[in-house]
Amino acid sequence: LIGLLLSILFVYLSYTGNQFKSSTNVAKDVNPNIGWLHEKHTASLAVGTYNEVADFLNTYITYLDTIGNIGCDNTFRVVGKTLNAFEVHFVDSKVFEVEGKDLTEWSNSIKGLGLEKSNDFMHNKLQLYVPNLQPHFDKIFADNIDATYRLSTSPDSDTIDTAHISVYLWDAQTVYEIVGPMSSLDDDSLLNFIEWKDDECPDSHTLPYSLSYIYSSYNRFTITVAAEKTWESNTGMSLPMAIQTTSPVSSFSSVQRTIDFMETITGTDFVYSTSNNGACQTATFTISDFMTSPVLKYVINNANEESSPSVADWEEEVLASHSDLLDDDHKGWDRYLDAHFGFSLTSGSYCDSEVALISDTLDDIGFKYALRVTPGGNGPAHYYIGSDGIRSLEVNARDCFIQDVTDLCGCESNNNAYVYTGTYECTGLVGNIFNAENE
């Protein structure tokens with residue numbers, strides 16, 4: 001009898017252990033003590049649009065934290081903040097280069113596709129949650145901002161319960177989608193919303209977690225920055241929480257090297273799913289705690305007609321830019337490095353092994369990359385990676401200080417302080433002209 005009870009107990013513990021086991025599959029050479037965060041979403045802007053984009057961000061999306069140049073007035077950076085400290089960046093440069101069409105041409109081409117028919121570029125987005133959608137809707141709708149309004153059913157729900165306001169920021173070639181409870185909108189507002197259409201790949205837009213879980217996560221944060229509280233008071237809107245990023249791909253093979261790189265350095269697997277009779281396919285990457293790290297999702301949508309230009313066309317030009325403008329000494333740059341998903345690792349005393357794993361994996365896969373530190377000369381290692389897909393990768397080894405490496409410097413095309421000044425630091429860096437102007 002005792003033996004039988006022990007056997008039952010063993011089976012029960014095995015079941016519950018598997019039931020609650022992390023979905024992370026740790027590779028042999030990935031240190032489980034390394035902490036990873038998905039901390040930033042950056043877009044590269046059509047030239048000369050940073051002021052308009054900053055105003056748009058602050059008016060319709062989230063709190064504008066800073067506008068600053070990167071060494072010279074040739075290049076500017078706009079930074080927005082969210083409730084969970086995820087940062088929304090934009091870079092506007094006159095001197096950074098690309099192969100093929102420039103970002104202004106791409107912005108105009110994507111805008112020219114319009115909103116009437118689904119297209120793949122609608123999946124190039126950052127999804128942000130607020131508990132009350134009404135103030136966002138009122139402002140966006142009243143000002144006739146380019147947007148679509150959709151409804152969905154969140155995980156663990158049997159009924160439609162989620163509303164999506166997809167705002168199109170053409171100069172950033174990106175959708176910024178505000179989501180929240182359908183119940184937070186009044187009946188008149190809801191008349192403008194419809195369910196996701198079949199050719200829009202509905203499952204790709206679904207929230208990564210249930211509304212109740214996202215709501216409870218949101219309420220665990222407390223706003224401590226006075227300027228963020230002022231923003232909420234002035235706009236009547238809630239500071240959003242970043243929950244998911246998506247990016248369209250022509251095929252999973254077109255980003256397979258990027259997937260291999262991320263899985264190798266983090267020990268976390270992408271999870272694949274299919275819906276709409278195979279027309280909609282997703283590859284989802286969930287890292288660290290949801291509250292601090294939005295989900296990343298690659299999307300293939302074969303339910304709509306291929307756009308012209310297509311995602312494949314853009315992938316080809318991005319890859320050509322990385323191939324031609326980056327170098328094996330990691331000193332070069334291209335504009336697509338500014339359009340990236342930003343990840344960071346907190347590695348403590350494991351820097352040597354982790355930096356070696358990142359560098360070796362990049363070399364094995366064949367990615368070119370730019371290596372920078374901030375401040376220049378001796379600081380945390382930043383890998384700006386010429387990865388596959390329309391959005392690049394940044395890996396910030398925030399605790400891993402390296403020496404004799406240059407800082408960013410947007411005065412010249414290589415974004416390289418040493419090339420411009422002969423020193424590792426970009427002299428004349430302004431940093432934040434926005435706060436200076438508003439003090």
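The values are calculated or read from the model by the stated rules, or taken from the named source; none is laboratory data. As the structure is a prediction and not an experimental result, all values here were calculated from the model. Cβ coordinates were reconstructed from backbone atoms using ideal geometry, including for glycine residues, and neighbour counts include every protein chain displayed. In case anyone asks, the SASA skips ligands and DNA or RNA and just uses the protein heavy atoms, side chains included. Shrake-Rupley method; radii C 1.70, N 1.55, O 1.52, S 1.80 Å.
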Residues (without any contact (Cβ under 8 Å) to a residue 40 or more places away in the chain and out of contact with any helix residue (DSSP H, G or I) (no Cβ under 7 Å at 6 or more places or on another chain)) located in segment 266-281: 272, 274, 277, 278, 281
Matching residues, segment 342-376, being open to solvent by 20 Å² or more (accessible area, probe 1.4 Å) and assigned to a strand (DSSP E or B): 346, 371
Entirely in segment 207-276, the helices (runs of 4 or more DSSP H) that have 2 or more residues that are open to solvent by 70 Å² or more (accessible area, probe 1.4 Å) and over 30 Å from residue 367 (Cα atoms): 211-218, 226-235
Long-range neighbours under 6 Å by Cβ, at least six apart or interchain, first residue closer than 18 Å to residue 196 by Cβ and open to solvent by 10 Å² or more (accessible area, probe 1.4 Å) within segment 104-131, second among the polar types (S, T, N, Q) and not in a loop (DSSP other than H, G, I, E, B): 115/148; 120/301
Cross-chain or 6+ apart pairs with Cβ under 8 Å, segment 348-374 first and more than 19 Å from residue 338 (Cβ to Cβ), then assigned to a helix (DSSP H, G or I) and open to solvent by 70 Å² or more (accessible area, probe 1.4 Å): 365/257; 366/257
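When segment 390-419 is examined, which residues are found to be among the β-branched types (Val, Ile, Thr) and assigned to a helix (DSSP H, G or I)? Spell out how you get there, then give the answer.
The initial filter retains those residues of segment 390-419 that are among the β-branched types (Val, Ile, Thr), namely 390, 395, 402, 405-406, 419.
Hit for segment 390-419 is 419, nothing else.
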First in segment 329-341 and assigned to a helix (DSSP H, G or I), second anywhere and among the hydrophobic types (A, V, I, L, M, F, W, C) and surrounded by fewer than 22 Cβ atoms within 10 Å (Cβ to Cβ), Cβ under 7 Å, 6 or more apart: 335/98; 336/98
Number of the exception - residue 84 against (1) modelled with pLDDT under 95; (2) more than 20 Å from the chain's Cα centre (by Cα): (2)
